[in-house]
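These notes concern the structure reproduced below.
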Amino acid sequence: MFALAVTAACGPTTRTENPGAGGEGGETWGQGPGVGGAGAGGSGQGAAGGGGAGQGGAGAGPIDDFQALTHIDLGDVELNTLAPFEVPDRAIGLTVVVGVPDLNDIIGINRLRPPSGESVIFNYALPGKTNPVFANYGWVGGANPQSDAANAWPMQQGQWRIALGDDDGSVTKAHVDLWIRRTKDGLFHGGVVDVNVFLAPNASTQSYVNQVLAEMFIDYAGLDLGKVNFFSLPSSATTIGTFEEYRQLLASSAGIGDAPALNLFVTGSFGADFGDAIGIAGGIPGSPARHGTTMSGVAYMPSGNPEYDASVLRHEVGHLAGLFHTTEYSVEETDPLSDTVECPTSVMQANPNNCPDVTNSMFPIAFGALELTEAQKRVLHGSALYRGILEEGGAPAPPLPPSGGAKVASPPSPLAPEPPFAVVATRRSNKPLPASPTPLERVLGAVWCAHGKTDYEGLAIRVAGASAPGTLRALVVDDTTSDILRARALGAYVRVAEGAERARAITLAETVAKRDDASTDLRVAALRSLARFAPVEARRSAATAAQSGDPVVRAVAGSLRAK
């Protein structure tokens, strides 16, 4: 048995499963179909155009047309066989996306094996690691390089092979797409990330999101911001309450247009199931080159502070490209890169402010952190996230046509630009986060990226120490403090308070929940805290908040009243 860590990065769920068959070295594997021809002129039944992708799971032949990013459709591949594909010279990365029709089925990448040396993915994990991150519900991604081991980097030319597995033997085949990243000299020369922004009603304005994106791509591993298109989401996306709603949200990108692109879903609020995360990536890696999957993008909740939001998106997009946390919080695990420092578990659990990797963008409790190491940048460079530049001084490659996915009768049309000074009905102010945060402020203002049900709120209570109730209450009532800190402090305060102090905390939460002049996030935190610890007061407060002019507060209050 293994605990399946679902690879929605910063997502909320785990499930215990049985591993698929297979070992390394002397095991017996079916070899799968032969390598296909080199395109339309290839011979044999595996031949096909567009790089030699064979039909029905056949291997892929050499890539003749030199492109920055080449898509190969391996078709339906039988599980527990080693299916081959060719990686040409001067490749700097590859990305694999695997899917099955039933999104409730577990599918995993058991092996991703280069021409020589050990597998770069082994038994659903990176070699030397135990967390089976390459298994998921319905869709799963894998990539190389995701480590800087000798067999992973530099990229090996020649015949690679992939083996798939599931948890219970019920799945026999899965569809495999892969993308190979190249340049003319095998060196990174830059590129641009196109962004499709999906806006829930009143979640934010186009102007605000453009600010965030401009800030995000300042010195982001040599990648620049490309084309930005805005699309509308239905009112049901104002709040994302469950993991299933989140998966449906990402899958709604089907038919959106050219690839690769970052699909950015902007919602008003995430439900309690997401552990107060404000950004969630679809996978590690996700699926930026195939739209319409449950891994096709990043969902995010604006805070009102563009610089802070940019740091959150750098973290989540890092996951989408294939980066792991430098040090995990909920399990004893570190990333597979040799130039990132790691934090001892005892320090991480007690006071992450003292961790040596606290300034790295991929720290799990990152607080405005922007740093990336050279190996981390290499993972981004090898990803399918961007339109690459083939040679020094060149221009970004044109986009690829859409690949795979369900056909959409009427693809959505981009929104027209908003008028200047457009506003939304939510209340989120641009209060700065502390320049020199205390250990408690750092925890409360961090990304709160949770692969499992990581209890960051409990960590905040531990860091606050014996005086936690008073310290947390002081943050909640301080109008000069950032709303994200105040909202999380309120949840922790109601939770930790006992006796008469609990009564004071509930009274404060009731007052905040009913105040029309309070921030969106503070009122939502108040309603959800009451729902956890004072259901009678929660229903009473929700009845008032349901009349609010704030659509996010109104939606959260409505969901509480419906329970």
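Would you check which residues across the range 348-373 are small (Gly, Ala, Ser), modelled with pLDDT under 95, at negative phi and assigned to a loop (DSSP other than H, G, I, E, B) and list them?
Correct list: Ala366, Ala369.
For Ser413, indicate whether it is touching a helix residue (DSSP H, G or I) at 6+ places or on another chain (Cβ under 7 Å) and closer than 26 Å to Leu225 by Cβ.
no
Of Leu103, Leu94, Leu74, which residue is assigned to a loop (DSSP other than H, G, I, E, B), aliphatic (A, V, I, L, M) and at pLDDT 50 or above?
Residue meeting the stated conditions: Leu103.
Looking only at helices (runs of 4 or more DSSP H) that fall completely inside the range 483-548, which ones have 3 or more residues that are within 31 Å of the chain's Cα centre (by Cα) and within 12 Å of Leu472 (Cβ to Cβ)?
483-496
What are the residue pairs meeting all of these: first residue in the range 79-90, first residue at positive phi, second residue of a type in the set (Gly, Ala, Ser), Cβ atoms under 8 Å, and 6 or more apart or on different chains?
Asn80/Gly20; Asn80/Ala21; Asn80/Gly22; Asn80/Gly30; Asn80/Ala163; Asn80/Gly165; Arg90/Gly186
For the range 164-178, does any single residue satisfy the condition of being under 13 Å from Gly93 (Cα atoms) and either touching a residue at least 24 places away in the same chain (Cβ under 8 Å) or of a type outside the set (Lys, Arg) (or both)?
yes
On the basis of being farther than 30 Å from Gly226 by Cβ and either at pLDDT 85 or above or assigned by the TED database to the domain that holds Met362 (or both), does Ala474 make the cut?
It is true that Ala474 is farther than 30 Å from Gly226 by Cβ and either at pLDDT 85 or above or assigned by the TED database to the domain that holds Met362 (or both).
Does the range 327-336 contain at least one residue that is at pLDDT below 95, surrounded by 21 or more Cβ atoms within 10 Å (Cβ to Cβ), of a type in the set (Phe, Trp, Tyr) and under 18 Å from Ala281 (Cβ atoms)?
Yes, that holds for at least one residue.
Quick grid of which residues meet (1) surrounded by 15 or more Cβ atoms within 10 Å (Cβ to Cβ); (2) not small (Gly, Ala, Ser):
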{"residue": "Thr471", "(1), (2)": "yes, yes"}
{"residue": "Gly491", "(1), (2)": "yes, no"}
{"residue": "Ala500", "(1), (2)": "no, no"}
{"residue": "Ile506", "(1), (2)": "yes, yes"}
{"residue": "Val536", "(1), (2)": "no, yes"}
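How many residues, within the range 380-412, are assigned to a loop (DSSP other than H, G, I, E, B), modelled with pLDDT of 80 or more and small (Gly, Ala, Ser)?
So the answer is 7.
Any chance the range 112-131 includes a residue that's touching a residue at least 60 places away in the same chain (Cβ under 8 Å), surrounded by 24 or more Cβ atoms within 10 Å (Cβ to Cβ), in a strand (DSSP E or B) and assigned by the TED database to the domain that holds Gln156?
Checked the range 112-131: no residue is touching a residue at least 60 places away in the same chain (Cβ under 8 Å), surrounded by 24 or more Cβ atoms within 10 Å (Cβ to Cβ), in a strand (DSSP E or B) and assigned by the TED database to the domain that holds Gln156.
Determine, yes or no, whether Leu560 is modelled with pLDDT of 95 or more, in a helix (DSSP H, G or I) and of a type outside the set (Gly, Ala, Ser).
In short, no.
Restricting to the range 444-456, name every residue that is modelled with pLDDT under 95 and either part of a helix (DSSP H, G or I) or of a type in the set (Ser, Thr, Tyr) (or both).
Thr454, Tyr456
The values are calculated or read from the model by the stated rules, or taken from the named source; none is laboratory data. All values reported here derive from a predicted model rather than from experimental measurement. So basically every Cβ, Gly included, is an ideal-geometry build from the backbone, and we count neighbours across all protein chains shown.
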